[in-house]
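What follows is a set of notes on a single structure, which appears directly below.
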Amino acid sequence: MKTTAATMTVEDHASASRTGLASAFFALILGVGIIAVTGHVQAAALHDAAHDVRHATGFPCH
Amino acid sequence: MRHTTCVTQLASPATKMFARIVTSALFAGATAGLLIALLQYAFVQPVLLHAELYETGTLVHFGAAPVSAIQDVSGFDPLRDLLSVLFTMLTYCGYAMILVALMGVAEERGADITLRNGMIWGLMGFIAAHLAPAFSLPPEVPGVAAADVLLRQYWWFATVATAAIAMWLIAFHFTMVGVGAAIVLLLLPHIIGAPQPAEFTGPVPTEIGALFASRALSVGLAAWIILGAFCAYFWTKEGEAA
């Protein structure tokens, strides 16, 4: 759908805003997931590989 | 400016907005993460390696013989150091994903995202994700005594989340109620208290522990300001390209 600013209605604006909010929400969840994996998951291989970074970044490590 | 933003979003599905967030976050996180990894390698890693000499018992603090404060901790460990670079880049990609997503929401609500205020976003990010939890759980040098890791992680996530909401309130709801709520959110985790160890058993000299904490926090501050600037740069650049 190609819409110009001149023809945009209030409903269009609200729906665009919801789209943006949903996209931002999913990106935020993805970001938290990455932080959990690199900084918090205690699986031995992950912990050992990320050890120095976890200490330097201030995550609870051991 | 405002119209351009709306047209872009209307002309594109939700995936396009998501793609803009993810693309700019990955660029920002990877490039900033690389610089941050170098800062950590130069200033934090030597202190960590020094502490590990005490953690492993190679050196003994208050042992039979005095131990020199100068130790050779230089040396390149390719696998370990490369993994640290990789995980620093990944970690800051995760943070960038959150920061850019929030920048996107703020922009939709009328805020301007620029390179300069990107650095302030970074500063707010540092306060939320690094300084706020460090107030009660300081960056841990290896070997330090600590409470159960899972409990500390729960507390860490709760503290970062409440501090992040507090930063948002201060930035975008600067009213008596907004700032009051922010102060309560910032103080609450520390009044409840972080999980602490029952006994102090750390073998590492306090001088090293203090240097480690201040180096980790200072490099963290620089890291977040770099990250904030890069996030704002790539977010606006991706917006122009769309």
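Quick notes on this one:
- Evaluated over the protein assembly as shown, the Cα radius of gyration and Dmax, each in Å: 21.4, 83
- Euclidean distance of C-alpha centroids, region B:163-205 and region B:62-139, integer Å: 18
- Carbon plus sulfur fraction of accessible area for the protein assembly as shown, probe 1.4 Å, in percent: 73
- Subtracting the Cα-Cα distance of B:T201 and B:I165 from their residue separation scaled by 0.36 nm leaves 9.4 nm.
- Model label points for B:A65 and B:I120, set 7 angstrom from Cα along the Cα-to-Cβ axis, are 5.8 nm apart.
- Dividing the C-alpha radius of gyration of region B:2-241 by 2.2 N^0.38 Å, with N its residue count, gives 1.17.
- Between the Cα long axis of helix B:115-126 and the first principal axis of chain B there is an angle of about 50°, rounded to the nearest 10.
- Put simply, when B:184-190, B:44-50 are sorted by average Cβ atoms within 10 angstrom per residue, most first, you get B:44-50, B:184-190.
- 222 nm mean residue ellipticity, helices alone, for the protein assembly as shown (DSSP H n ≥ 4; -39,500 (n - 2.57); rounded to 500): -24500 deg cm²/dmol
- Treating each Cα of region B:58-175 as one equal point scatterer and applying the Debye formula with no solvent, the log10 of I(q)/I(0) at q = 0.14, 0.16 Å⁻¹ comes out as -0.83, -0.97.
- Accessible area buried, both sides summed, chains B and A with 1.4 Å probe, Å²: 3900
The values are calculated or read from the model by the stated rules, or taken from the named source; none is laboratory data. All of these numbers come straight from a predicted model, not from anything done at the bench. Using ideal geometry, Cβ is built from the backbone for each residue, glycine included, and neighbour counts are taken over all protein chains shown. Keep in mind that these areas ignore ligands, DNA and RNA; they rest on the heavy atoms of the full protein, side chains included. Shrake-Rupley method; radii C 1.70, N 1.55, O 1.52, S 1.80 Å.
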